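A quick write-up on the structure given underneath.
The values are calculated or read from the model by the stated rules, or taken from the named source; none is laboratory data. Owing to the predicted nature of the structure, the values given are computational and were not obtained by experimental measurement. Cβ placement follows ideal geometry from the backbone for every residue including glycine, while neighbour counts extend to all protein chains displayed.
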Amino acid sequence: MVSMAFLLVVVIMFRQMIHGSQEPACHFNDLAALKGFSKSLESDIGGWNWNSSNCCSFTGITCDPSSASNERVVRLELGNTRLTGTLSDALVRLGQLRILNLSHNSLHGTIPTNLYHFWNLEILDLRNNYFVGSFPSVIRLPSLKYLDLSKNSFSSFPGKQFCQTSSRIRYLNLANNLFREASLRLDNCTSLCFVFLNGNGLSGSFLESLFLLQHLRVLHLQQNMFSGPLSYGISSLSNLVELDISSNGFDGSLPDVFGRLRKLESFSASSNRLTGLLPVSLVNSASLSRIDLHNNSLSGPIRLNCSAMTRVNWLSFSFNKFQGPVPASLSSCRNLRNLDLTHNKLGGVVPFQFKNLQALQFLSLANTSINNISTALEILQHCKRLKILALGLNFYQEEMPSNVNLQFPRLKALIIPFCYLRGSLPIWLSNCKMLQMLDLSLNSLGGSIPCWVGKFKYLFYLDLSNNSFSGEIPESLTGLENLVHTTALLKESSEHFSLVKSTEQGKRRLRYKDMWSFQPTIDLSWNKLSGPIWPSFGNLKNLHVLILKENNLSGTIPGSLSGMTNLEVLDLSHNSLSGEIPASLVHLSFLSMLSVSYNRLHGDIPSGGQFLTFPESSFEGNHALCSTILRPCLPKQIPPLVVSPAENMKIVGWNFGIGAAFGFILIVFFCFKSGWVHPRR
């Protein structure tokens with residue numbers, strides 16, 4: 001028994017030695033396919049060692065472990081690996097491949113026809129590349145469940161034929177391509193749950209073939225060229241959870257179908273040509289949590305039944321023609337986080353009941369013709385979670401409230417431009433410790449800018465332009481922590497929140513979708529500020545835009561401004577600045593716009609760097625400036641002595657009188673002595 005056991009141990013050890021000496025190898029077809037794939041690329045694949053026959057050990061390769069030798073490749077995943085080049089049809093030899101992910105690379109060209117004949121492929125992800133061309137007429141991907149070809153340049157897609165051979169497809173993403181087919185047929189893809197066709201050039205009416213997809217949960221058709229009225233056939237999509245048809249040309253009224261879409265949570269139809277009233281089924285939907293209808297021509301009162309709409313938390317009705325006062329009934333939507341009613345014909349005051357909106361974080365009532373800013377702020381301070389408050393284009397010529405008891409502890413953005421408010425910067429603002437953005441431009445605020453404005457730890461955007469502020473720029477602004485230290489930068493990626501903003505006096509021409517994408521800015525233009533530009537402005541390394549034009553600033557331009565290494569815009573025009581333009585400013589490598597026009601500058605304009613790109617208008621109005629683009633510079637001369645007013649020498653004085661009298665007597669004496677007056681005998 002002992003000898004038999006010993007013999008068995010020896011046999012096992014011997015077999016292990018044999019297998020250990022043999023390196024496991026993937027199937028020869030798979031190895032050949034990967035070599036062909038690699039040869040078509042213009043870049044190497046990190047982690048692929050061709051000295052080894054075991055391709056299963058390559059980066060991004062997964063093999064089927066069911067067999068001990070000649071394992072088959074079932075997953076090829078090289079997403080976001082900086083691949084360049086084209087696709088080889090050799091890949092089709094990966095006969096057992098189930099997942100192919102080459103997304104987020106720089107692959108280009110057309111896709112070989114053979115690659116549409118993967119029998120076992122379940123997931124194909126080629127998004128975010130540079131592929132072009134159309135699909136072949138014959139596609140055989142019978143196992144395919146997930147197809148993502150978004151963000152390429154494909155031009156056509158054989159929807160009907162594709163659905164016949166790939167009937168198991170559940171996820172189809174063709175977004176951001178060049179599809180123009182008006183009749184994209186997907187009705188045979190009966191298993192589809194997610195369809196993304198946004199960002200193409202699809203035109204015509206709503207794709208009625210989609211109405212047959214009973215399992216559809218998410219449908220994105222935004223940013224196309226669809227037109228015409230919305231069909232009542234949408235009601236057949238009873239499992240729809242998310243529908244986005246924004247940025248098209250749909251017109252007419254919204255169909256009253258939302259009572260049948262009982263699972264719909266998010267509906268966006270912004271930037272169309274919709275008119276009429278809000279449908280009854282929409283304002284009574286128990287499932288909707290997000291509604292975005294901004295930038296249409298919808299009218300009538302806003303009458304949401306908040307007792308039925310218990311889940312609604314996001315409403316955007318901006319840039320429409322809604323009428324009537326700001327609806328107090330909205331205060332019953334206790335879960336409301338985002339409310340945007342910008343640019344409607346509402347009027348009245350902020351309802352007292354709005355203090356019950358304890359979940360509210362984003363509120364815009366800009367350009368709604370409301371009045372009484374004092375009452376509005378006293379009510380809204382009870383919304384303790386409020387982060388963004390936009391009230392611009394209202395309260396015409398009212399007084400900025402100075403109530404020291406106002407409290408907005410979580411406020412991050414306060415936007416009240418274009419109101420022509422009177423008064424000064426209120427002290428209650430200094431208690432908004434979380435403030436990141438302050439825009440009080442185009443008002444009539446006066447007095448000095450208080451030093452506490454420079455104490456906000458997170459402030460990155462300050463616009464006090466087009467007011468009547470006077471005195472010096474507070475030096476504390478040069479120490480704004482968020483603009484000095486990169487570690488303090490605290491922006492946040494917020495949801496879509498539109499805001500009207502202007503860069504020209506008296507014009508409302510820009511609309512931003514995400515205010516947190518604003519460049520770090522200090523804009524104090526069009527005021528009555530005097531004094532110097534502090535050299536410590538150079539500490540603001542995170543500042544991108546500095547605009548101080550149209551003031552009464554004097555002194556020289558500090559050379560230390562070159563320390564603002566991220567500066568893109570510098571406008572110091574229309575002041576009383578003197579001296580030379582510092583040569584150190586050529587080191588501002590990101591500077592794309594500079595204006596020092598209409599000052600009292602002299603000397604040579606620096607050459608090199610971004611200064612080679614600035615037009616003549618950047619320096620006009622400074623008659624003593626010279627360069628090749630303005631006027632030739634003369635040889636340097638000894639500059640004239642500049643005497644301060646306090647040290648001016650008097651030309652006429654007692655010493656001048658004595659000298660003049662003495663000189664006159666000498667002249668008379670010599671005239672008589674020489675005989676010029678009376679000739680000698």
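All of (1) polar (S, T, N, Q); (2) over 27 Å from the mean Cα position of the chain (by Cα); (3) over 28 Å from Lys457 (Cα atoms) hold for Asn551 with one exception: (3). Each residue in segment 293-348 was checked for being closer than 18 Å to Ala359 by Cβ and part of a strand (DSSP E or B), and 6 of them qualify. Quick one: would you say Gly446 is part of a strand (DSSP E or B), at positive phi and modelled with pLDDT of 95 or more? No, not satisfied.
Every residue, every condition in (1) crowded, with 23+ Cβ neighbours inside 10 Å; (2) small (Gly, Ala, Ser), yes or no:
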position: Leu425; (1), (2): no, no
position: Asn431; (1), (2): no, no
position: Gln436; (1), (2): yes, no
position: Asp439; (1), (2): yes, no
position: Cys451; (1), (2): no, no
position: Lys457; (1), (2): no, no
position: Ser465; (1), (2): yes, yes
position: Glu472; (1), (2): no, no
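List the strands (runs of 3 or more DSSP E) inside segment 548-603, counting only whole elements, that have at least 1 residues being surrounded by fewer than 17 Cβ atoms within 10 Å (Cβ to Cβ).
Ranges flagged: 552-556, 576-579, 593-595.
Taking every residue in segment 522-546 that is within 20 Å of Asn467 (Cβ to Cβ) and among the aromatic types (Phe, Trp, Tyr) and pairing it with any residue that is at pLDDT below 95 and buried (at least 20 other Cβ atoms within 10 Å of the Cβ), at least 6 positions away or on another chain, yields no pair with a Cβ-Cβ distance below 6 Å.
Could you check segment 224-273 for strands (runs of 3 or more DSSP E) lying wholly inside it with 1 or more residues that are of a type in the set (Ser, Thr, Tyr) and closer than 23 Å to Arg311 by Cβ?
Once the strands (runs of 3 or more DSSP E) in segment 224-273 are filtered for at least 1 residues that are of a type in the set (Ser, Thr, Tyr) and closer than 23 Å to Arg311 by Cβ, what remains is 266-268.
Could you please tell me which pairs satisfy a Cβ distance under 8 Å, a separation of 6+ or placement on different chains, a first residue in segment 424-441 that is under 10 Å from Leu411 (Cα atoms), and a second residue that is surrounded by fewer than 17 Cβ atoms within 10 Å (Cβ to Cβ) and hydrophobic (A, V, I, L, M, F, W, C)? As it stands, the answer is Gln436/Leu490, since those pairs meet every condition given.
Consider only pairs whose beta carbons are under 7 Å apart and that are at least six residues apart or on different chains; among these, list those whose first residue lies in segment 188-217 and is at positive phi and whose second residue is in a loop (DSSP other than H, G, I, E, B) and crowded, with 18+ Cβ neighbours inside 10 Å. Hits for this filter: Gly199/Ala175; Gly199/Asn176; Gly199/Gln223.
From the list Leu91, Leu124, Leu97, Leu76, which one is within 27 Å of Ser155 (Cβ to Cβ) and in a loop (DSSP other than H, G, I, E, B)?
Just one listed residue meets the conditions, Leu97.
Count of segment 449-489 residues, restricted to those that are free of Cβ contacts under 8 Å to residues at least 60 places away in the same chain and in a loop (DSSP other than H, G, I, E, B), is 8.
Does Asp187 qualify as being touching an Asp or Glu at 6+ places or on another chain (Cβ under 7 Å) and either within 21 Å of Asp244 (Cβ to Cβ) or surrounded by 15 or more Cβ atoms within 10 Å (Cβ to Cβ) (or both)? No; evaluated as a whole, the condition is false for this residue.
Summed over segment 519-534, residues that are surrounded by fewer than 20 Cβ atoms within 10 Å (Cβ to Cβ) and either out of contact with any Asp or Glu (no Cβ under 8 Å at 6 or more places or on another chain) or small (Gly, Ala, Ser) (or both) total 3. Every condition in (1) at pLDDT below 95; (2) surrounded by 10 or more Cβ atoms within 10 Å (Cβ to Cβ); (3) part of a loop (DSSP other than H, G, I, E, B); (4) of a type outside the set (Asp, Glu) is met by Lys636 except one, and the failing one is (2).
Considering segment 135-164, and only residues there that are within 33 Å of the chain's Cα centre (by Cα) and surrounded by fewer than 19 Cβ atoms within 10 Å (Cβ to Cβ), the residue that is farthest from Thr81 (Cα to Cα) turns out to be Ser156. With respect to the stated conditions, Phe226 is buried (at least 20 other Cβ atoms within 10 Å of the Cβ) and either touching a Phe, Trp or Tyr at 6+ places or on another chain (Cβ under 6 Å) or under 23 Å from Asn173 (Cα atoms) (or both). For segment 339-346, indicate whether the set of residues that are within 23 Å of Ser374 (Cα to Cα) and β-branched (Val, Ile, Thr) is non-empty. Yes. Only residues that are touching a Phe, Trp or Tyr at 6+ places or on another chain (Cβ under 7 Å), assigned to a loop (DSSP other than H, G, I, E, B) and closer than 20 Å to Lys151 by Cβ were counted across segment 182-213, and they come to 4.
Between Phe211, Phe258, Phe250, Phe267, the distinction of being closer than 28 Å to Gln164 by Cβ and surrounded by 17 or more Cβ atoms within 10 Å (Cβ to Cβ) belongs to Phe211 only. When you look at Tyr130, is it over 28 Å from the mean Cα position of the chain (by Cα) and of a type in the set (Phe, Trp, Tyr), yes or no? Answer is no for this residue.
Determine whether Asn367 is more than 17 Å from Asp523 (Cα to Cα) and free of Cβ contacts under 8 Å to residues at least 24 places away in the same chain.
No.
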